[in-house]
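Structure, as structure tokens:
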Amino acid sequence: MSVEFARRFIKRGWKFIEKHKLLEENDRIFIAMSGGKDSLTTAYLLKSYVDEKNLDCELVAFHLNLNFEISKEIEEIVKKQTDEFGLKLVKVNIKDYGINLVEISEKLRRSICSVCGVVKRYLMNKVARENNATKLATGHNADDFLIFFFKNVSSGNYDLIAKFKPVLKSDNVKMVTRIRPLFEVGGEETKRFCDFMQFEYVKKPCPFFIKKIDVKRIEWEKEINRISQFEKNFKKKFMSAILKFSDCFKLEEPKNCKLCGEPTNKEICAFCRLKLFQNRISKS
Ligand code: SF4
Ligand code: ZN
């Protein structure tokens, strides 16, 4: 590991931010921070870019507390990270929205990760928009996109490829534009970078991670990393190709939920359906 690696990593990140216009003057960016290495790297790249270019752009860290046993510990790490970068932190606890992930998942007999995903997507968009964010930055990396791409294409779900973009905009004004600074960066690289920079980040897996483990995902990940060993810049090159494919597909624009008014493809959004279920089990 060398200073040269870190320098190149940062330069490459800045070039990507510039090329895809991830940041623009007068932006107010919400950065979703989970405490992990990817969201931390995302925050670092955005903050260092804004400072380097002296850009008139406000960066705000946003943390969603999932109310698990380890959530307090995670929140403290996020606080240290944001203090170190000099970022304002907005924290939201899902219990304030009346949600108990463990209870819902047990009673619904649905994987906790799928329930968690619904809640995170909903609240990240809603809270960012209500706080006047112009964009929401997430730490999704090239591995996440590549695995998702192969899994979806092999099962015939082509339309979702439309979402594979470093900047994802929607015609629905209630959907906050997503930006993904790590679109071409692999997970192994963000780990090396954070370790080299001696950043503190959450290393313990989520207590429900074991349940999340999906054998196919692991096999895809191994295969992608194996190809990367003999094909130089495989992830970067493949992500550029995916970006071109993504323009060939279009997703249906979301309408608004009849109950809460948030964007959804159904009459009633997935979050409201979970809330209705939560209210029912809390009363019984
Ligand atoms: Fe949520 Fe934990 Fe599953 Fe991640 S592993 S989706 S944080 S429950
Ligand atoms: Zn709703």
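The values are calculated or read from the model by the stated rules, or taken from the named source; none is laboratory data. Keep in mind that this is a model prediction, so the values were computed, not measured. Using ideal geometry, Cβ is built from the backbone for each residue, glycine included, and neighbour counts are taken over all protein chains shown. Protein only, heavy atoms only, side chains kept; ligands, DNA and RNA dropped before computing areas. Shrake-Rupley method; radii C 1.70, N 1.55, O 1.52, S 1.80 Å.
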Can you tell me how many residues in segment 184-204 are open to solvent by 80 Å² or more (accessible area, probe 1.4 Å) and out of contact with any Lys or Arg (no Cβ under 9 Å at 6 or more places or on another chain)? 4
Exclusive hit being farther than 23 Å from Leu45 by Cα, β-branched (Val, Ile, Thr) and out of contact with any helix residue (DSSP H, G or I) (no Cβ under 9 Å at 6 or more places or on another chain), set Ile104, Ile70: Ile70
Check Ser2, Ser71 and return the single one that is polar (S, T, N, Q), at pLDDT below 95 and either open to solvent by 70 Å² or more (accessible area, probe 1.4 Å) or away from ligand 2 (no atom under 16 Å from the Cβ) (or both). Ser2
From Phe249, Phe277, residue being open to solvent by 60 Å² or more (accessible area, probe 1.4 Å), more than 16 Å from ligand 1 (Cβ to nearest atom) and touching a residue at least 12 places away in the same chain (Cβ under 8 Å): Phe249
Among the residues of segment 22-40, are any within 29 Å of Ile94 (Cα to Cα), hydroxyl-bearing (Ser, Thr, Tyr) and either in contact with a helix residue (DSSP H, G or I) (Cβ under 7 Å, 6 or more places away or on another chain) or touching a residue at least 12 places away in the same chain (Cβ under 8 Å) (or both)? yes
Residue pairs, Cβ under 8 Å, 6 or more apart or interchain, first in segment 140-163 and farther than 18 Å from Gly13 by Cβ, second loosely packed, with under 14 Cβ neighbours inside 10 Å and among the hydroxyl-bearing types (Ser, Thr, Tyr). List them. Asn152/Tyr158
Flagged in segment 237-270 as within 16 Å of ligand 2 (Cβ to nearest atom), within 19 Å of Lys169 (Cβ to Cβ) and either small (Gly, Ala, Ser) or at pLDDT 95 or above (or both), in numbering order, are Asn256, Glu262, Pro263, Thr264
Of all the helices (runs of 4 or more DSSP H) wholly in segment 78-183, which have at least 3 residues that are charged (D, E, K, R) and open to solvent by less than 40 Å² (accessible area, probe 1.4 Å)? none
